[in-house]
Amino acid sequence: MSDVLSRHPGLSPRQVELLASWLPGAAIAQDHSWETGMRTVLEVVHGGNRYIVKAGHGQDHHMEREITA
C-alpha cells in the first residue's frame, strides 16, 4: 500500500488495512473527496487499472444505505 494512501486523513486504520488486502500497492491518482469531510472518494491505480474508493466515517449512516442499494 502506498505510504500516501495509508496516511490519507480520510481513511481509518481499518479502511487502510482493507484496501491493502484488496488492492495491495495501490496509489492515489486523484482525490475526489467531498469538501464537507463526510466522505473520502479516491481514484486509485492498481495493476494498471483505475478504481474509485469511497469511504465514510463511523457516523456516516448514509454509506450503509448506498451499499444496500
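Key figures
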| read-out | value |
| --- | --- |
| For Ala29, residues with placed amide H under 5 Å, excluding near neighbours | Glu43, Val44, Val45 |
| Protection proxy ranking of 20-26, 38-44 - average other beta-carbon atoms within 10 Å, highest first | 38-44, 20-26 |
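Read the figures in this text as sums done on the coordinates, not as results from a lab. Computed from a predicted structure; not experimentally measured. When we count neighbours, we look across all protein chains shown, and the Cβ atoms used for this are built from the backbone with ideal geometry, even at glycine.
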